[in-house]
Amino acid sequence: MASNRRHKYKYIYVKMSTLLFGIILANAMMVGVCEQSDMAERGLLNSTDPNILIHKNSVYRLINVSWTFEQAQRYCGGQSSELTTSGLKEDEDGAQQLLLKSKLTGPVWFQSSQNPKDLQVKKRRVLPGLSFKGKHGFARVNTSFPSLSEVSVCVRVQWDPEYENVSTVFSYAAPVLINEFQLRGQIQNSETHKKHKKPAEKVLLALLIQGQHHPYKAELPLDKNWHHVCVTWTKSHYESWAIYVDGKLGDSGNGKDKGTGTGKDNPRNIHPDGIFIVGQDQDSFGGTFTEPFMGNLTDLNIWGEALEIKQVQALESCSQLTNRMVIFRWEDGNLIVNRSVDNVSATLNCTETQKPVKIPKEQCKVFSTGPDDQDRYSTTPCTNKYPFICKTSKESYLKMKDIKESLKSSPSPFMKHLMEFGMSADDVFSDAVDGQSWTSVSHLLNVSEQAVGKEQKKLEGRDIISLMHVLSRAANLPSTDNQKYHDVERLGQSFINVADSLISQDNASTWDSIRGVVKGPMAVIKNVDIMVSNLNSLLMNDTDSLEIHSNNIKLQVQQKILSNGSGVSAFCGAAVGNRDCISVPELNNNGFNKVTLLNTWYNSVKCFSEIEQNSTLPPSASDSYLRTVLGSSIISSTVLKDGEKFSMPVQYTLQHQTSESTSERTVPFCVFWDFGSTSEEGRWSTDGCYFISSQNNLTSCYCNHTTNFAVLLQIYNVSRDPEDEMNLQILSLIGSGLSLCGLIFTFILFVAVGVPKSDRTTVHKNLIVALAASQFLLIFSDWAAKNKEACWLVTVLLHLFFLSSFCWMLVEGLLLWSKVVSVNISEERRMKLYYGLGWGLPVIIVAVTLAATFDHYKAENYCWLNIQNIHLTVIWAFAGPVLFVLSVNAVVLFRVVMVTVASAQRKAKMLTPSSDSKLHTLDLTWAATRPVLILLPVLGLTWVCGVLIHLSVVLAYLFTILNGFQGLYIFLVYAVCNSEVRNAIRRIQEKRKALSFTNCSQPTSFMPSQKSPSASWVHSLPTPSSPDCSEGSTPITTNSLIFKNERFKEDNAVSFSSKAENGNQVVQLTAFKPSDDCGPYLHWIWAEVGI
């Protein structure tokens, strides 16, 4: 026993030892691979080159050539890198190590920090706060309110995550209007969070302004932190409003955007003498509190003006606003607080931005090595010449290395063209700074221009990087005086042609693929600015004006001597009739004698992809906002005084695109490209630019500085007028109610009066049931929206019954088609197919849709399918089948119209004189129109208007009338005017009338034969005008007989009489003869359409 135990332990020991050995071996292999990979990366970056250093996630490269500060900054920018920055510990350590490695003590150029984040300091601030825990807690602002044309309210809140009902942060009520101004919020607890029992993540905020409730859109994080919320409103600028959360725009709108403002033509001020309540909604003036706020609140301030986003951001960082129209300040403590509200201390972590140390414009910073406790910075004139260090990201540096190697091993078509001219990848990517010569760089630029001209395909990403490197080298050529004017002009022309090829190609995706290596397409424009600024003295050596043209770029350099009264002519684009122009209107007011103007116009910049990523411009109405696009050319102006840039106000006018769709509108904005923004590439900004006017497709702007300008277009959905929306809603509700009643009455008539059973009436009944259920659910969907579970159920049932309605409309079309083309299928088999199609298929579609899209099946704000862009697959579970049904039924209707017109033509030839052409045309028109009018409601073709409702409000009304009153239309056409229903009612009336003649002579009747169910032989009954039979009435002595056939028309009647003549009995019969040449299948269509 002990021996077996020892063997068992030995086996386990051996097995565990083997497993442990395998783990150790695998770990060693992984460590070895990682070390080899790390060593390979270090070998790639930390080569023997003493001028390159990798430090953390950056690569530093020492340019050991003495240049001025501006030249150094331009060179680093051209290499898709940047000059090392003062105040950044990482840059200081990297520069220290690189200088020691290269055995250089300094000094080297450093640029001052331009990023506000580098100057931000975290500070704690403690404020008194209020804690609202009960449903009756509130606080009243104890101050008087004037009439306000503008207002801003800012507050910091901590939201209680346990309270999911609607909460009112504050409410302002006036004596004449209770709901004057409110901020409300509700926790968004999505279906996903409920399903997985996850806590909610955000609160949705909404404004209520002058009685109009705006949608819950602005998002507030639901956590334990304090969050800053600001709301602004102004009756000017189309009565605009905005909600800011933590210094960022959460939602906004204005009266110009229908549905986002209050919708009034003449906006008014906010009423004076109101009551401002914190933490409660007012259902009466100063009382009847409902919808309480649960959480903590502090730092409430009210201003009588609409704050701008910069001021909101300053408040969010705990800065104070001065010289503002303050109505209420939190620190004054002028509040009446309910006893159920507790006092708390609010600890805020504020981010304050320190003001940078100002350095004179002509002074720049240099960095030298030294001990940590010694100040290693000093200032020196920017015109002095020192070495410098360019910094780039490690990822970008590695990508550039890979591109160089790939162009050597597998050259692109463009590189092959360069090789034909004797160039190589090493020539293109040469990092030589001091070795740059006019001859070599000019030759490289010239052959690059020719290679681009030869290349017919789109440039690859590595080709763009190659050309950007060539442009950077050419832009930074030394402006020595010994260059010939012809060579300088030729270099400028080649430069513009290559730049044109880069920005005019529609290759936004290619630029996106090299983002991080090259700073976007605006880097091309920046290189053009550098080139013309650097070489303008050579270009203007023998002339006062120079223009360089390409297909899409126009460059103009002018030297102006400003004498009294002499103005500067505007610079305009190159195209004939082009109205893109820019001017410097205040040039004469600065005491200049001579200036140089550098103007550039870029006609087509197609390579921008997502403007939103490169813009600080917020949408003015987020619920109808679609996208932002570059809508114009780009135009720039630079003023040089004594060779130095001088910023001055400019005025420019640009043509821009106009929306061709009537469902969209565009709003132009005046912008400039800010190369110095915190974004790595730069971005479009509106700072200092102001809108002047816009007419048709022409917008004029004013900016208080010189740079590159454009017009951005924000595109919005065109929403209907609120009055139209209300009218359509009321009309739809009325139509649905009448339709529901009409459908119910129609079904009752079909069942109660004994309409003969047939496949056609069965299909009608099922369609009526499906439509009635849909209309009933539609009427009560608004009520169900208040309850999430009920709304979810109504959405599923609406989807099911609307789909079923359309499937039965498809069955109507298929049944009609089977009669037209004489499809021989037994009625029993046909009805099984129809039931499967009418009820089974909708159930399958709804079940599959629910299984695939359960978490986002229903829209959040109403009881219908989700139609958000990211969930478009849900709505197609309804729209797809509907479009299919409409397509099939349109073909069926066309076929029926052709058959009825052909039948009418044959009848007209037999019965209408040939001379009566006008009557013949009228008959044909009615023959084509009547089936359309009768079959439209059951084939569902009125829903075609739904595809076009965005084009016009008239179509929206037409769609609502046609489909809202569909049930009423079915009742009138298929019950009131249906011959089968009328005949069934007439038979009931005749039976009742016959029973009332029990004491009269019994009429002789002949039962109809089975072959002709609609024919009957009867004695002629008394006419409606005859008196009812009674005991004293005279017996009927007439022996005339009538043959009735409901399917025959009176036009083809044949009569026989039965009367006493010379003692002989004569019989008169009346019959109707069908048209023999129409075929038997037309009888069903005639019965359906009443021909």
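The values are calculated or read from the model by the stated rules, or taken from the named source; none is laboratory data. Note that the structure is a prediction, hence the values are computed from the model and not measured. Note that we place each Cβ from the backbone using ideal geometry, even for glycine, and neighbour counts take in every protein chain shown. These accessible areas exclude ligands, DNA and RNA; they are computed on the full protein's heavy atoms, side chains included. Shrake-Rupley method; radii C 1.70, N 1.55, O 1.52, S 1.80 Å.
Per residue, how much accessible surface does the stretch 443-551 expose to a 1.4 Å probe? Answer in Å², no decimals. Value for the stretch 443-551: 37 Å² per residue.
For Asp273, the accessible area of its heavy atoms, probed at 1.4 Å with every protein chain present, is near 110 square angstrom. Per residue, the accessible area of the stretch 699-811 comes to 40 Å², computed with a 1.4 Å probe over protein heavy atoms only.
Treat each spin label as a single point 7 Å out from the Cα along the C-beta direction, and report the Tyr485 to Met419 distance in nm. According to this spin-label approximation, the distance is 4.2 nm. A protection proxy built from the mean count of other Cβ atoms within 10 Å ranks the segments 325-337, 838-850, most packed first, as 838-850, 325-337. The largest accessible area among Glu395, Glu90 belongs to the first residue in Glu395, Glu90, and the rest follow in falling order (1.4 Å probe, all chains).
Fully extending the segment from Gln450 to Arg125 would add 110.6 nm, taking 0.36 nm per residue of separation and subtracting the current Cα-Cα distance. Legend: residue pairs Lys484/Lys645; Lys310/Lys394; Lys757/Lys991; Lys484/Lys526; Lys310/Lys399, Cα-Cα distance threshold 27 Å; pairs beyond threshold, Lys310/Lys394; Lys310/Lys399. With every protein chain present, what accessible area does Asp512 have (1.4 Å probe, heavy atoms only), rounded to the nearest 10 Å²? Near enough 70 Å² of accessible area.
Fully extending the segment from Ile336 to Asp426 would add 24.7 nm, taking 0.36 nm per residue of separation and subtracting the current Cα-Cα distance.
Over all directions, the projected convex hull of the C-alpha atoms in the stretch 63-110 averages 3.4 nm² in area. As a rough guide to protection, the peptides 784-791, 216-223 ranked by mean Cβ packing within 10 Å, highest first, stand as 216-223, 784-791.
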